[in-house]
Amino acid sequence: PGLGPARRPDPVDVADVAPTLANLAGIDWPLTPDVPGSGVDLLAGPAPRERVRLAEALYPHQRYRWAQLLGAVAPDGSTLLDVGEDRLLWLEPAAFAEPQRLPAEARGRPGLKPLGAALRAYRRAEKPERIAPGGVAGGYGHAGRTAPFLTAAENARLPDPYAVVARAEALDRWAHRLEAGARPADVLRALGQMKREDPGNPEIHWRLARTWLRVAERDPDPRQRAEASSQARRAAAEAWRRGRHDPDTLGLLVGLLAADEAEPALERLDALLPEIPEGARCRLYLLRARLLRELGRHAEADRACDAARRLVRGTRDRTAIERATADETCR
């Protein structure tokens with residue numbers, strides 16, 4: 001109350017939001033202005049212009065398994081990017097106004113040393129215990145589970161997002177073409193080429209699964225439909241193994257397994273279960289219970305129902321709760 005809107009010309013940061021709100025709420029918030037990545041109370045005065053601000057872009061790794069990007073931003077807007085080991089890149093301030101500009105080699109740049117020190121301190125300050133096991137990746141959306149920073153050596157082995165970002169654009173382009181009526185065979189051919197170039201990319205396997213599913217839904221030949229379903233199942237499982245741990249991928253896997261005959265579906269389901277984190281298995285246990293009932297193995301089905309109920313009691317996933325309580329198999 002009493003605080004009106006205003007514009008600020010000083011270099012504010014997302015990290016400033018929490019201490020500012022804490023001050024408004026009367027909460028004691030320890031300020032550590034000398035620690036890279038920490039925030040300041042914006043209502044206490046202007047933000048220090050000389051501070052180094054930190055940035056991260058983990059989305060390329062979360063979604064495509066490309067390198068994680070960390071950046072230290074100098075007061076003039078120059079940015080040092082860490083892409084792993086000696087892969088240090090430099091972005092001039094104008095690059096943010098002209099996104100097509102790519103970063104250049106960082107060596108020899110003035111002001112490099114304090115930015116490098118800030119990045120190293122930022123990495124060291126990470127507290128893995130604050131990352132909930134199996135937690136959803138926050139602002140990185142449905143791309144997977146939260147992951148800690150990779151080591152510099154691990155990160156260096158992954159593709160540089162600046163070098164391969166066109167692949168993400170191509171994936172989106174082919175997805176739009178498929179929805180617009182492109183022949184699935186053309187889409188599969190393009191995705192197959194992408195997979196050969198970037199085999200560790202889970203998004204490619206996910207798009208392959210979706211395309212094969214389109215074939216399975218529309219091909220008039222029953223044998224072709226069965227083969228397409230099998231291909232879709234394999235691609236979805238590979239997307240999961242490669243790190244696309246999200247409800248869409250799990251839901252597709254469950255749906256593809258449920259459409260199969262009980263015996264082979266149960267066999268494939270049991271092979272998949274160990275790879276799925278315990279907290280995400282509720283739908284799989286429900287499917288397992290249904291398949292077992294179809295096969296007349298009711299005692300095992302009851303145990304699968306118990307496992308699903310146990311998970312529901314410990315989850316905040318409303319979808320899982322609704323599915324478990326509505327599923328006739330386990331009533």
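Lone cysteines in the chain, going by a 4.7 Å Cβ-Cβ cut-off?
Among the cysteines of the chain, those whose Cβ sits 4.7 Å or more from every other are 282.
Between residue 223 and residue 313, 0.36 nm times their residue separation minus their Cα-Cα distance comes to what?
Between residue 223 and residue 313, full extension yields 28.2 nm more.
Suppose only helical runs count, i.e. DSSP H with n ≥ 4. What mean residue ellipticity at 222 nm does that imply for the chain under -39500 (n - 2.57) per run, divided by all residues and rounded to the nearest 500 deg cm²/dmol?
-15500 deg cm²/dmol
Quick one: 3J(HN,Hα) in Hz for segment 112-126, Karplus 6.51/-1.76/1.60 with θ = phi - 60°, rounded, Gly and Pro as x.
Going residue by residue, I get 5, 4, x, 5, x, 5, 5, 5, 4, 5, 5, 4, 5, 7, 4 Hz, with x marking Gly and Pro.
Mind listing P(r) for segment 20-79? All alpha-carbon pairs, 5 Å bins, whole percents.
Taking every Cα pair in segment 20-79, the percentages come to 4, 16, 19, 18, 15, 14, 10, 5, 0.
Mind giving me the nanometre distance, one decimal, between the label points for residue 165 and residue 34, set 7 Å out from Cα along Cα→Cβ?
In this crude label model, residue 165 to residue 34 measures out at 3.7 nm.
Evaluate the relative contact order of the chain (contact order divided by residue number), counting alpha-carbon pairs under 8 angstrom at least 6 apart; express in whole percent.
11 percent
Using the alpha-carbon centroid of each, what span in Å lies between segment 212-246 and segment 275-317?
Using only Cα atoms, the two centres lie 23 Å from each other.
Suppose every K and R has +1 on its Cβ and every D and E has -1 on its Cβ; what is the size of the dipole of the chain about the Cα centre, in Debye to the nearest 20?
The calculation lands at about 360 debye.
For the chain, what is the accessible area per residue in Å² when the probe is 1.4 Å? Could you put the intermediate results ahead of the total?
Working: 18540 Å² over 331 residues.
Solvent-accessible surface per residue comes out at 56 Å².
With +1 on each Lys and Arg Cβ and -1 on each Asp and Glu Cβ, how big is the dipole of segment 236-288 about its Cα centre, in debye rounded to the nearest 20?
Computed charge dipole of segment 236-288: roughly 200 debye.
How high is the relative contact order of segment 1-115, given as a whole-number percent (alpha carbon pairs under 8 Å, six or more residues apart)?
Value for segment 1-115: 15 percent.
Considering the dipole of segment 1-123 built from charges on the beta carbon (Lys and Arg +1, Asp and Glu -1) around the Cα centre, which of 21, 2, 61 is farthest to its positive end?
61
Expressed as a rounded percentage, what relative contact order does segment 161-278 have, with Cα pairs under 8 Å and six or more residues apart?
Here the relative contact order equals 19 percent.
From the C-alpha coordinates alone, can you work out the Kirkwood hydrodynamic radius of segment 1-109, in Å?
15.9 Å
Of 127, 113, which has the most accessible area and how do the rest follow, probe 1.4 Å?
113, 127
Could you order peptides 240-246, 87-93, 19-25 by the average number of other Cβ atoms within 10 Å of their residues, highest first?
Descending packing order for the listed peptides: 240-246, 87-93, 19-25.
Quick one: if the Förster radius is 30 Å, what FRET efficiency do residue 57 and residue 303 give, using the C-beta to C-beta distance and rounding to 0.05? Before the final figure, lay out the partial values.
On the way: r = 44 Å, r/R0 = 1.47.
Taking R0 as 30 Å, the efficiency between residue 57 and residue 303 is 0.10.
With viscosity set to 1.567 mPa s at 4 °C, what whole-number translational diffusion coefficient in µm²/s follows for segment 252-303 from Stokes-Einstein and a Kirkwood radius over Cα pairs?
Taking Rh from Cα pairs, D becomes 118 µm²/s.
What list of ³J(HN,Hα) couplings, whole Hz, do you get for segment 169-181 from phi and the Karplus terms 6.51, -1.76, 1.60, once you set θ to phi - 60° and write x for glycine and proline?
5, 5, 4, 5, 5, 5, 5, 5, 5, 4, 5, 7, x
List the residues whose amide H sits under 5 Å from the amide H of residue 78, counting only those 5 or more places along or on another chain, with H placed 1.01 Å from N in the peptide plane.
So residue 78 has HN proximity to no qualifying residue.
With θ set to phi - 60°, apply the Karplus curve 6.51 cos²θ - 1.76 cosθ + 1.60 along segment 270-284 and write out the HN-Hα couplings as whole Hz, x wherever there is a Gly or Pro.
In residue order, the calculated couplings are 5, 6, 7, 3, x, 8, 9, x, 3, x, 9, 8, 4, 5, 5 Hz.
The values are calculated or read from the model by the stated rules, or taken from the named source; none is laboratory data. Small disclaimer: the values here were computed from a predicted structure and weren't measured. All Cβ positions, even for glycine, are placed from backbone atoms using ideal geometry, and neighbour counts span all protein chains on display. Calculation scope for accessible area: heavy atoms of the full protein, side chains included, ligands and nucleic acids excluded. Shrake-Rupley method; radii C 1.70, N 1.55, O 1.52, S 1.80 Å.
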